[in-house]
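Read the figures in this text as sums done on the coordinates, not as results from a lab. Please read all numbers here as calculations on a predicted model, not as lab measurements. Positions of Cβ are generated from backbone atoms using ideal geometry, with glycine treated the same way; all protein chains shown enter the neighbour counts.
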Amino acid sequence: MRISVIGCGYLGAVHASAMAELGHEVIGIDVDERKIAALAAGRPPFFEPGLPEILTSATATGRLRFSTDIADAAAAEVHFLAVGTPQTAGTNAADVSYVDAAFEGLLPHLAEGALVVGKSTVPVGTAARLAGRLAESAPHASLAWNPEFLREGFAVKDTLEPDRLVYGVAHEHVTSVLDQVYRAAIEAGTPRLVTDYATAELVKVAANAFLATKISFINAMAEIADATGADVTALADAIGHDARIGRRFLNAGIGFGGGCLPKDIRAFTARAEELGRGDSLEFLKEVDTINLRQRKRVVDLAVAALGGSAHRARIAVLGVTFKPESDDVRDSPALDVAVQLKGLGAEVVATDPEGIENAKRKHPQLTYVESTREALRGADLVVLATEWREYRALDAEETARLVAGRSIIDGRNVLDPAAWRAAGWTYRGLGRP
Ligand code: UDX
């Protein structure tokens with residue numbers, strides 16, 4: 001099929017490459033010339049395992065092209081809207097102006113019978129509004145809402161082999177068009193749910209709200225575990241055996257961040273308030289509060305570990321990205337903790353396998369080093385903030401030889417406390433005795 005993807009940020013660049021990988025003829029459109037030039041040269045402007053390979057092969061064959069001119073999307077039968085919906089400054093609501101601009105820009109270029117497919121995470125009601133605009137300006141075209149559930153670090157796999165496909169449609173014929181787009185996944189038996197627009201929009205934010213709630217739930221249990229001497233990791237294992245609960249997303253620690261979960265739960269509560277149903281999602285505010293409290297707890301633990309003051313202490317912060325296998329530092333708990341410690345007068349030395357460049361742009365006041373050894377050298381305290389494989393594999397004895405003080409805060413509960421204590425370390429996790 002001939003496909004356009006409007007918006008070549010994280011979601012769009014992965015989606016465009018994956019669609020080309022499936023054999024479709026794809027054009028990616030973005031207003032950012034530098035981004036388009038990089039993608040056209042086969043270089044993703046962010047780190048994502050597996051993406052360079054599929055991007056390079058698709059651009060080399062000509063199946064995937066990029067342009068800054070939306071008119072170049074005119075030949076496509078299916079147009080995916082994959083622009084961002086960031087948090088509006090000063091409020092919790094999602095800013096849909098990029099979606100609106102992309103949609104309006106596309107309208108004059110829609111071929112007879114074209115299908116516009118929304119992928120962006122939007123406030124419920126957006127699709128119905130856009131469908132109204134389409135009926136006025138391009139009644140021959142149709143609209144679908146097809147949310148995306150990809151995780152950073154697994155984005156290529158999640159796009160090529162999704163857990164489920166959700167089509168929000170107003171007319172049945174749209175379903176068969178989307179089935180052609182996703183033929184490979186459908187043939188592989190991927191569950192496909194066809195719903196109305198509002199349900200499709202809600203599926204996305206409900207899924208993220210549930211995941212965020214699961215993480216804050218276990219972090220609340222970690223707080224109780226800390227007060228009682230219980231072990232939240234064992235607790236998570238035990239409740240996770242209940243198939244109704246499940247073990248995944250029950251890792252207590254520094255909390256969730258990134259470009260989706262924090263912003264999506266805030267935008268969802270803001271939308272519920274607009275709908276006069278603020279009470280229904282009041283609990284998500286508590287989910288957000290618990291989450292932000294974890295960062296403060298790590299900072300408090302650090303100050304306590306340093307004997308009551310972080311002033312002039314040298315602290316090695318391992319990890320600045322919001323999760324491993326990503327260079328994304330948006331709303332990163334790790335970076336937030338590093339900044340808070342710096343604010344307390346500590347000499348923070350941060351490191352990360354992929355995130356330093358992005359972190360530097362955001363918080364140039366911190367000291368960044370490339371190597372873990374360099375970060376650890378002479379540290380009074382070590383804070384493991386993002387669970388990169390390299391940090392999980394740290395050897396307690398070897399690390400002890402580099403630092404000035406054997407004190408570690410395991411913000412992700414990934415180290416073996418017994419091994420670290422045996423090597424003479426003061427080990428502190430979150431919700432671990
Ligand atoms: C999330 C959703 O998982 C994905 O389906 C959606 O499309 C976009 O938002 P992503 O932001 O890539 O994906 O990250 P995810 O793997 O969900 O992790 C989110 C945050 O939660 C990270 O900061 C991670 O460290 C944290 N987390 C996750 C925990 O603190 N504990 C857990 O048990 C799991």
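Details
- Our summary gives the range 156-278 a relative contact order of 22 percent, counting only alpha carbon pairs under 8 angstrom and 6 or more residues apart.
- The range 376-428 - percent relative contact order, Cα under 8 Å, separation 6 or more: 42 percent
- Each Lys or Arg adds one and each Asp or Glu takes one away; over the other residues whose Cβ falls under 12 Å from the Cβ of residue 130, this sums to -2.
- Rounded to the nearest Hz, the phi-derived 3J(HN,Hα) couplings of the range 136-141 under the Karplus curve 6.51 cos²θ - 1.76 cosθ + 1.60 (θ = phi - 60°) are 6, 9, 8, x, 7, 9, where x marks glycine and proline.
- On the beta carbon distance between residue 365 and residue 390, with R0 = 25 Å, the FRET formula returns roughly 0.50.
- Each residue of the range 39-53 is assigned a 3J(HN,Hα), and the resulting list reads 5, 5, 8, x, 10, x, x, 8, 8, 8, x, x, 6, x, 4 Hz, derived from the Karplus form 6.51 cos²θ - 1.76 cosθ + 1.60 (θ = phi - 60°), x at Gly and Pro.
- Radius, Kirkwood style, for the range 190-264 when every pair of distinct Cα atoms is counted (Å): 14.0 Å
- Whether the range 2-194 is rounded, prolate or oblate, judged on the alpha carbon gyration tensor where a/c under 1.5 counts as rounded: rounded
- Pairs from the list 157/323; 119/204; 342/362; 35/204; 285/323 with a Cα-Cα gap above 20 Å: 35/204; 285/323.
- Projecting the Cα atoms of 44, 257, 422 onto the charge dipole of the chain, computed from C-beta unit charges around the Cα centre, puts 422 farthest toward the positive end.
- Calculated P(r) tail over 25 Å for the range 112-261, as whole % of Cα pairs: 44 percent
- Near the amide H of residue 194, within less than 5 Å, lie the amide hydrogens of 167, all on another chain or at least 5 residues away, with H placed in the peptide plane.
- Taking Cβ atoms as reference points and 14 Å as the exclusive limit, the residues near residue 166 contribute a net charge of -2, counting Lys and Arg as +1 and Asp and Glu as -1.
- Residue-wise HN-Hα coupling along the range 314-331, computed from phi with Karplus coefficients 6.51, -1.76, 1.60 (Hz; x: Gly, Pro): 8, 10, 8, 9, 9, x, 10, 7, 6, 6, x, 6, 8, 10, 7, 10, 4, 6
- Relative packing of 204-213, 35-44, which averages over residues the other C-beta atoms within 10 Å, highest first: 204-213, 35-44
- Long-range amide H partners of residue 141 with built H, under 5 Å: 113
- Taking all Cα pairs closer than 8 Å and separated by 6 or more residues, the relative contact order of the range 234-356 comes to 25 percent.
- Percent of Cα-Cα distances greater than 17 Å, calculated over the range 316-433: 50 percent
- Debye equation applied to the C-alpha atoms of the range 196-433, log10 I(q)/I(0) at 0.11, 0.17 Å⁻¹: -0.57, -1.24
- Quarter the surface of the alpha carbon convex hull of the chain and you get the mean projected area, 21.5 square nanometres.
- Sorted ascending by nearby beta carbons within 10 Å, beginning with the fewest, 239, 265 become 239, 265.
- Gain in span if fully extended, residue 245 to residue 416, counting 0.36 nm per residue against the direct Cα distance: 59.1 nm
- Of the residues 297, 248, 192, 330, the one with the fewest other Cβ atoms within 10 Å heads the list, and the complete ranking is 248, 192, 330, 297.
- In this structure, the amide hydrogen of residue 350, modeled 1.01 Å from its nitrogen in the peptide plane, lies closer than 5 angstrom to those of 317, 367, 368, 369, counting only residues at least 5 positions away or on a different chain.
- Each of 332, 67 has some number of other Cβ atoms within 10 Å of its Cβ, and from fewest to most they run 67, 332.
- Gain in span if fully extended, residue 192 to residue 397, counting 0.36 nm per residue against the direct Cα distance: 68.7 nm
- Fully extended contour minus Cα-Cα distance, from residue 237 to residue 426, at 0.36 nm per residue: 65.6 nm
- Per-residue ellipticity at 222 nm, computed for the chain from helices alone with -39500 (n - 2.57) per DSSP H run of at least four residues, works out to -13500 deg cm²/dmol.
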